[in-house]
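Asker: Let me begin by handing over the structure; questions about it come next.
Throughout, read-outs are computed from the coordinates displayed, never taken from laboratory work. Quick caveat, the model's predicted, so the values are computed rather than measured. Cβ coordinates were reconstructed from backbone atoms using ideal geometry, including for glycine residues, and neighbour counts include every protein chain displayed.
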Amino acid sequence: MRPVTRKAVYAGSFDPITLGHRDVILRSLRFVDRLIVAIAVNVAKEPLFSVEERLEFIRLSVEGDPRVEVRFFEGLLVDFVRQNEANLIIRGIRAVSDFEYEFQMALMNRYLAENIETVFMVPSVETTYISSSLVRQVARFRGDVSGLVHPRVARELARKYGVSE
Ligand code: COA
């Protein structure tokens, strides 16, 4: 019998990718063979970084792991999952506050594609308070984000907000 290849998609805005997202990626690689980290369009968000910048930051954060592919897509997540012959969607749940939104999205995605499962990951305790918008806010007011993102991301945040090092 042919061994089953587990292929998953971890989608998000990644504006920018944080060490929390990285933690979810590394944990997912313990049980999937291939992972597509995909920048998706969240219609409710106006991103700070361009798609190209965000793709580059994700590549740096995963350090060229051959099991990880980094992509951008427009449209429905379930269509992207199908087109890439994956069958799992990875999401991170950091706190109870994430749950309602994630639960709703998972059920909507199931309505759209019955055979695609959503897997919720619990990130490390050290990263549960991190979110991209808080990172942007701290950087904007010249706070230290070096323990929250890849060093290159920290530099680019400082540059975006006109903070000279
Ligand atoms: N560590 C750190 N931060 C985390 C995290 C973790 N482990 N897990 C989630 N987050 C944060 C993100 O940084 C983000 O924070 P922010 O709002 O402060 O920027 C927030 O939690 C959730 O954002 P993210 O994971 O990027 O997802 P999202 O909510 O922006 O996007 C999509 C959700 C893109 C997956 C969804 O909009 C989508 O599927 N879009 C495609 C269109 C579609 O199919 N729509 C129907 C969906 S039912």
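Asker: Divide by every residue of the chain the summed helix terms, -39500 (n - 2.57) for each DSSP H run of at least 4, and state the resulting mean residue ellipticity at 222 nm, rounded to the nearest 500 deg cm²/dmol.
Answerer: After summing the helix terms and dividing by the residues of the chain, the value is -12000 deg cm²/dmol.
Asker: A further question follows. Quote the charge dipole size of the chain about the Cα centre in Debye, to the nearest 20; the model charges only the Cβ of Lys and Arg (+1) and of Asp and Glu (-1).
Answerer: In debye, rounded to 20, the chain gives about 220.
Asker: Okay, moving on. Given Ile39, Ala106, Pro123, which one lies farthest toward the positive end of the charge dipole of the chain, if we put +1 on the Cβ of every Lys and Arg and -1 on the Cβ of every Asp and Glu?
Answerer: The residue sitting farthest along the positive end of the dipole is Pro123.
Asker: Using DSSP to define loop residues, name the GluC sites (Glu not before Pro) in region 24-81 whose beta-carbon has at most 12 other beta-carbon atoms within 10 Å.
Answerer: Hits after loop and neighbour filter: Glu63, Glu74.
Asker: Here's a follow-up. Relative contact order for the chain: what is it in percent, counting Cα pairs under 8 Å that are at least 6 residues apart?
Answerer: Normalised by residue count, the contact order of the chain is 28 percent.
Asker: Taking region 18-60, which trypsin sites (Lys or Arg not before Pro) meet the DSSP loop condition and have no more than 14 other C-beta atoms within 10 Å?
Answerer: Here the sparse-neighbourhood loop sites are Arg30, Lys45.
Asker: Hey, another quick one. With viscosity set to 0.692 mPa s at 37 °C, what whole-number translational diffusion coefficient in µm²/s follows for the chain from Stokes-Einstein and a Kirkwood radius over Cα pairs?
Answerer: In µm²/s, the coefficient rounds to 199.
Asker: Give me the net charge for the shell around Glu126: Cβ to Cβ below 12 angstrom, other residues only, Lys and Arg +1, Asp and Glu -1.
Answerer: Overall, the nearby charge balance is +1.
Asker: Can I ask one more? Can you tell which of Ser13, Val51, Gly64 lies farthest toward the positive end of the dipole of the chain, using +1 and -1 charges on the Cβ of basic and acidic side chains (Lys, Arg; Asp, Glu)?
Answerer: Gly64
Asker: Efficiency by 1/(1 + (r/R0)^6): what FRET value for Ser97 and Val43, r their Cβ-Cβ distance, R0 = 25 Å, to the nearest 0.05?
Answerer: Efficiency for this residue pair is about 0.75.
Asker: Now, a different point. I need to check one value: relative contact order of region 20-112, counting alpha carbon pairs closer than 8 Å and at least 6 residues apart, in percent.
Answerer: In percent, rounded to a whole number, it is 30.
Asker: Run the simple label-point estimate for Arg6 and Arg152 please: 7 Å along Cα→C-beta, distance reported in nm.
Answerer: Rounded to a tenth, the inter-label distance reads 2.9 nm.
Asker: Near Glu100, within a Cβ-to-Cβ distance under 14 Å, what is the net charge of the other residues, with Lys and Arg +1 and Asp and Glu -1?
Answerer: Residues close to Glu100 contribute a combined charge of 0.
Asker: Okay, moving on. Check every DSSP H run in the chain and write down those whose alpha carbon atoms cover 15 angstrom or more along the long axis and whose mean Kyte-Doolittle hydropathy is -1.0 or greater.
Answerer: Those that pass (Cα extent of 15 Å or more, hydropathy at least -1.0) are 51-62, 96-112.
Asker: Counting other Cβ atoms within 10 Å, which GluC sites (Glu not before Pro) in region 103-146 have at most 12 and lie in a DSSP loop?
Answerer: Glu114
Asker: Can I ask one more? Separation of region 71-137 and region 1-64 by C-alpha centroid, Å?
Answerer: For region 71-137 versus region 1-64, the Cα centre distance is 10 Å.
Asker: Between Asn87 and Leu60, what is the spin-label point distance in nm, taking each point 7 Å from the Cα along the Cα→C-beta axis?
Answerer: Distance between label points: 3.7 nm.
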